[in-house]
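Please read the structure below before turning to the comments.
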Amino acid sequence: MRWFLILLFHCSVLSFSFAQSDNEEDKQVILLSDMQLQIEINQAMNDLYNFKFAKAEQQFRWLKQKHPGHPLPYFLLGLSEWWKIMPDMDNTSHDETFLAYMDTVITISKKMYDKPKHKVEASFFLAAAYGFEGRLYSTEERSKWAKSAVVGKSALNYMNEIEDDADLSPELLFGKALYNYFSVWVPENYPLLKPIIAFFPKGDKKLGIKQLTEVSYNAFYTRIEAMVFLMRILNSYENNRPKALQIGEYLHTTYPDNPYFHRYYARLLYSSGRFSAAKPVAEQIIKRIDDDMIGYEGTSGRYAAFFLGQIYESEHNNEKAKYYYIRAKNFSEEIEATDTGYYHYSLLALGDIYKQEGNDRESKRYYKLVKKQAKRKDDVHRKAREKLRDF
């Protein structure tokens, strides 16, 4: 059900005083295709994705003063709040501000929608704002399915109203690309949803990937968002890890202080078997957590610490392996992620290492902890049972 809602979503309102007359609004430029504006705020976009939020938001507020009747500055301020949420979806402290900005985008865009000249641009912002709200509501941490369904339907309706536009097409293609891919992926992986999906236009996964690639090359405002989805799709669903790794390396290199890109790049290196490259990337994550760097928290920590535990264990460095497995265990417990494989296999590995060292007491303790925390049907639970029988 969650992926069906996400399919819809991807493709307190703040009050706003419209001081401009209708004639003045008609003269308003199409900001999505304003190349001069893109040059002016390019550094702000880079700052946003590199987690330099104060610098980015200063420029976005300038844009709001310059174009108070346009949804773009409010959308960018909302996007800044979204990336404060991304590294740790359990943190709801930014939800209210994020939703307020997106609601403001919707309010302004609906007024703009009535102007024929701005209908396409307004439709883009309406689909995008509803889509981002849906992405938040549909997270497992929020699970607000009813709200998700409502805003998701609205996002899809506005997306379907958008016809190709030569000036705006790279931005407009983002929602269509996601729809093309996930409208096919969902029924393939959730057969029970096929009857529901049948009422929607037919998608095309290959076309969706092609469109996401085009957006990642040619768009300005949606380029990085497209790259993130393309990376995740290629890695998780299309069995194309080398291409996903290429994107992940670009994102981390371009935005080295973005903890989400940092974490995902470490994960891609580890899963690709590139341990020598993964080690310093993961060690830097741990250091940044210890240094309280913005956005680096327990989720990134449990990934990085587990990878390092595995890498050092493969090098037969049991002391460092134990250190990082224990840190992975502690990170998991701090964020209450004790139902995950990273946690269970860290415990199992600690049991194995202590057994090798002849410390049967500690070894048994960790194997028993695996049995307690993992589900009986899980493979890790079976392994722990078998190891305990060897004592």
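Average accessible surface for region 255-307: 35 Å² per residue, computed with a 1.4 Å probe over protein heavy atoms with every protein chain in place.
Under 15 Å from a point placed 7 Å out from the Cα of LYS111 along the Cα-to-Cβ direction: which residues of region 44-86 have their backbone N that close? Under cut-off, by backbone N: 64-75. In a fully extended conformation the segment linking VAL150 and THR340 would gain 65.3 nm over its present Cα-Cα distance, using 0.36 nm per residue. Given (i) -0.25, -1.28, -1.41; (ii) -0.49, -1.18, -1.27; (iii) -0.28, -1.25, -1.38 as candidate values of log10 I(q)/I(0) by the Debye sum over Cα atoms at q = 0.06, 0.14, 0.15 Å⁻¹, which corresponds to the one derived from the coordinates? Label of the calculated value: (iii).
On full extension, the segment bounded by TYR217 and TYR190 gains 6.6 nm, given 0.36 nm per residue less the C-alpha separation. Here the spin labels are modelled as points 7 Å beyond Cα on the Cα-Cβ line, and at HIS316 and MET89 they lie 4.1 nm apart. Solvent-accessible area assigned to carbon and sulfur over the chain amounts to 49 percent, based on a 1.4 Å probe. Annotation: extensible slack from TYR237 through ARG376 equals 47.3 nm (criterion: 0.36 nm per residue apart, minus Cα-Cα distance).
By the rule of a C-alpha distance below 18 Å, with chain neighbours fewer than 8 residues away ignored, the lysines paired with LYS66 are LYS27, LYS55. In this structure, GLU333 and ASN46 have a Cβ-Cβ separation that, at R0 = 41 Å, corresponds to a calculated FRET efficiency of about 0.70.
Under the criterion of Cα pairs below 8 Å and six or more residues apart, the relative contact order for region 178-329 equals 12 percent. Legend: distances between Cα atoms for LYS84/LYS206; LYS279/LYS329; LYS117/LYS147; pairs beyond 27 Å are LYS84/LYS206; LYS117/LYS147. In this simple spin-label approximation, GLU362 and ASP34 carry label points 7 Å from Cα along the Cα→Cβ vector, and these lie 6.3 nm apart. Take 362-374, 260-272 and order them by the average number of nearby Cβ atoms within 10 Å per residue, most first; the result is 260-272, 362-374.
The values are calculated or read from the model by the stated rules, or taken from the named source; none is laboratory data. Being a predicted model, the structure only gives us computed values, none of them experimental. Virtual Cβ from ideal backbone geometry, glycine too; neighbours counted across all protein chains shown. Heads up: the accessible areas ignore ligands, DNA and RNA and are worked out on the full protein's heavy atoms, side chains in. Shrake-Rupley method; radii C 1.70, N 1.55, O 1.52, S 1.80 Å.
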